Amino acid sequence: MTETKPTVEANPVGPLQTVLSALQDPVRLEMVRRLANAGTAMQCGLLYDTINKSTATHHLKTLREAGLTERITENGHTYARLRTDEVDAALPGLIAAVVSAANLSHTEDTTDR
């Protein structure tokens with residue numbers, strides 16, 4: 001099998017209002033939380049459980065357009081990567097604060113069950 005060079009698609013980090021708008025949706029926030037905790041690119045299918053593929057595609061596009069993530073396509077597989085360094089350069093501390101709060105909320109949600 002011939003390996004292909006990965007292609008990367010990313011947008012510049014948007015203004016604060018655009019980034020916060022992308023993060024306000026619970027599904028997108030969970031995607032960002034999972035990517036941040038993984039610390040590496042993940043296959044897109046691992047970022048969602050409760051929605052269909054077309055809805056997930058929409059959410060991933062919104063995150064990418066806000067500059068939060070990039071899409072990597074390699075050997076027919078699609079991955080998403082959180083652009084932590086780029087977002088931190090544009091909006092210092094935002095990702096760490098949002099992910100920390102999301103992790104705390106996720107922990108509380110799972111202990112309530």
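The figures follow:
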item	result
Residue order, fewest to most beta carbons within 10 Å, for HIS59, HIS106, HIS77	HIS77, HIS106, HIS59
For segment 7-111: Kirkwood Rh in Å [reciprocal of mean 1/r, alpha carbons]	13.7
Proxy reagent accessibility, fewest Cβ within 10 Å first, across VAL32, VAL8	VAL8, VAL32
In segment 1-100, GluC sites (Glu not before Pro) in a DSSP loop with at most 13 other beta-carbon atoms within 10 Å	GLU3
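Just so you know, all these numbers are worked out from the coordinates, no wet-lab data involved. Please read these numbers as outputs of a predicted model, since none were measured by experiment. Glycine gets a Cβ as well: all are built from the backbone with ideal geometry, and neighbour counts include every protein chain shown.
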